[in-house]
Structure formats: C-alpha cells, structure tokens
1. Give the residue list of GluC sites (Glu not before Pro) in the range 1-93 that are DSSP loop and have at most 14 other beta-carbon atoms within 10 angstrom.
2. Could you tell me which of rounded, prolate or oblate describes the range 62-179, using a ≥ b ≥ c as the square roots of the eigenvalues of the alpha-carbon gyration tensor, with rounded for a/c under 1.5 and, failing that, prolate when a/b is larger than b/c and oblate otherwise?
3. Taking other Cβ within 10 Å of each residue's Cβ, how do SER222, SER233 sort, fewest first?
4. Would you list LEU185, LEU36 from fewest to most Cβ contacts within 10 Å?
5. Rounded to the nearest 20 Debye, what is the dipole magnitude of the chain about its Cα centre when Lys and Arg each give +1 and Asp and Glu each give -1 at the C-beta?
6. Apply the a/c threshold of 1.5 to the C-alpha gyration tensor of the chain and tell me whether it is rounded, prolate or oblate.
7. For the range 34-147, give the magnitude of the charge dipole about the Cα centre (Cβ charges: +1 Lys/Arg, -1 Asp/Glu; no others), in debye to the nearest 20.
8. Would you list LEU280, LEU345 from fewest to most Cβ contacts within 10 Å?
Amino acid sequence: MKLPSSSATNLNKENMRHMISMKDFSKSEIDDMFELMDLLKQARKDNAVPQLFKGKSVAMIFEAGSTRTRVSFEAAATILGGHALFLSPRDIHLGGKESVDDTARVLSRMTDIIMARTNTPEIIDALTNMSTVPVINGLDTRFHPTQMLADLFTIREHMPKGKELKDLTLAFMGDATDVCRSLLLTCTKYGMKFKQIGPVKYQMEQEWLDLADDICAETGGSYEITDDIDKVSECDVIYGDSFYWTTQYDEKDERLAAFMPDYVITTELMARAKEGATLLHCLPANDKEEVTREALEGEYSVAFDEAENRLTAQMAILVYFTHKDIVVPTAEVVKQHEDKINKFLKTL
Ligand code: CP
C-alpha cells in the first residue's frame, strides 16, 4: 500500500531487510557479505573504493558510548562517498519529546539507513517496525551483529592452513554478553564448535541455547557451556570481552571476584590453547582485568586486525543494505533538472 504522501523518498521499499541479529541471515547471505568485505578491503588498500554510498546518509543513534562502531560507520560512509550523522540523546528528541516511532519515520524520510546502539532493545524493535529504511543494530543488550561480521572475517583471514571455519573451535572467556550470544549463534551457523568458558553464575541462558540447538541440527555445529578452564586446550580461537558492561558497574566487585584470576586471558592461558591459536577481543579491553597487555600484544593476537575489520564490515553493510535502492539517473534527467533550476536562479 502506498501511503498518501508528497514525499520525494522511495517509501515502501520492497524486500527491505534490517540487521538485528545474525540469526536472521543464512550462511549464504553472510558469505556474500564476506565477499563484499573482501572486495572493499582490497579497494581500500588501493585507495580506490567505488563511491557506492554517494549522496547517501546513515543516521547513527548512540545511546551508549562507542569508539569502534561510531568511527567505523562514520569513516565507512565517507570512504564510500556518503555522510554519517552522529545522534546522541542530547542531540535528538528520541523517547523524550518525540516517540521512537515518529523518530524512525522522520529519519527514514531524510536518510538512507539507520544504525542504533541502545541499552533498550525495545527501541531497536520500534525503529524496525516504523522505519522505511534498513535498521542496523549497532549493539543492544541482546546482539552485536556488526561485530560478528568483523570477527568471523578476521578468523577467516588468519585461518590455519588447510582449515575451514567448520574445523575450528572458539572459546569465549567469561560472561554471557551480547557478543558471547552472537558468537554462539554465528559460529554454530558455520558448523564451528563454540565454547563459553566461565563461572556457572554467568553462563548462557537457556533461551539462547534453544536457538543454537536449532542451528546446530542444521549445520553440524556444536556448543559447550562450561566452567572448566582446561577446555582451552581444545580451542583454535580464544575470545575476550569485558567482565562487566557500563550498566553493570554496581556489580563490578562481585564480577571481578568471580572471573579473576581463572578466566583472565594471559600468555600462559594462550600457551594452553591449540598450537597456532589466535586471540580475538571485541575491545575496548581492560588489560588489568579480562586480558593482560602481554597477551593482547602477543604474536597470536589479531585483536587490532579485528578492530580494523569493523570498518571493512561497515563499508559492506552500508553497500549491502542500500545498493538495490540506488537509482542512477540518466545524464538527460540530470541535465533537465539542472536547466530548470538554473533558469529559475537567473530570475532571482
Ligand atoms: N567492540 C565495540 O563495539 O566497540 P565500541 O564499543 O568502541 O563500539
């Protein structure tokens, strides 16, 4: 149904997709995104990235702080010839003077894609319901899908010779965070073995394991949730994340007592992993808590390649979710508009 409107935007986009969780995408679709990342990364190396986001804008709503997600989306938009708008709660009326629904409708009329980081998943869901442009989840308390693209792409780049993703075991050290959940659902989609290694109190909730069960039945992937630190000996990838999020500062002492020292990633722990194992960390890292500086700087650490690949991923996301909407006007149409506008300007 076409809404009555004088809008110049292309509303009611057919087959529009949002990116809320990686579970909503097939392996083949994620493979396409990886291939696009590969191509865009090669183009960036040659400083020759095609202007596939030219004249377009991404609205970036940040309710919570960010270095990588903000800078990577902003840089990606610029590299691709477009523009990014940083919108913090201080800058817009979201949820205060204006409903999330109306915010989504207005942003959809002016920009081409909306990215949101929020501690309130309902905001992501409301944006998704009302937006007529793709909504990208830049991290809520459930999922961190853009991080997943960068993570698996980085693992592929550093794959042991002769291996495929399905041959690998990844251990997530610590709390069942949004990143941990996202890794469970994404790694198993690729037939990988996933382990969460952490204290029982902070292990993955059953609802996420139920989702993973369905994925594993299809892909042959598997998971293990354990507090047994010796299980790192079975792992090709060791993954670190903060032991507490910004909304959990009041639990900090209790959490650190539960996780430290057993679940801290150290050079000694890396030595207990499989030969050639790599260290990933979504960052920001606290090198006095979940990972030591020595481990983060070890030759097995690819955490900063992973951080750079956030930019590779965001370039691919901006293109993947908007490329079908690009209508390249003929030179004739451009000339017609130019002539009409210039004729009018001469009358001023
Ligand atoms: N890993 C990650 O999302 O980093 P930022 O919080 O800096 O965006």
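1. Passing sites in the range 1-93 are GLU14.
2. It comes out prolate by the Cα gyration axes.
3. Sorted ascending by nearby Cβ count, the order is SER233, SER222.
4. LEU36, LEU185
5. It works out to roughly 1860 debye.
6. Verdict is prolate for the chain.
7. Dipole magnitude for the range 34-147 comes out near 360 debye.
8. By the 10 Å Cβ count, ascending, the order reads LEU345, LEU280.
Quick note: the coordinates plus some simple rules give every number you see, no bench work behind them. As the structure is a prediction and not an experimental result, all values here were calculated from the model. With ideal geometry, Cβ positions are generated from the backbone for all residues, glycine too; neighbour counts draw on all protein chains shown.
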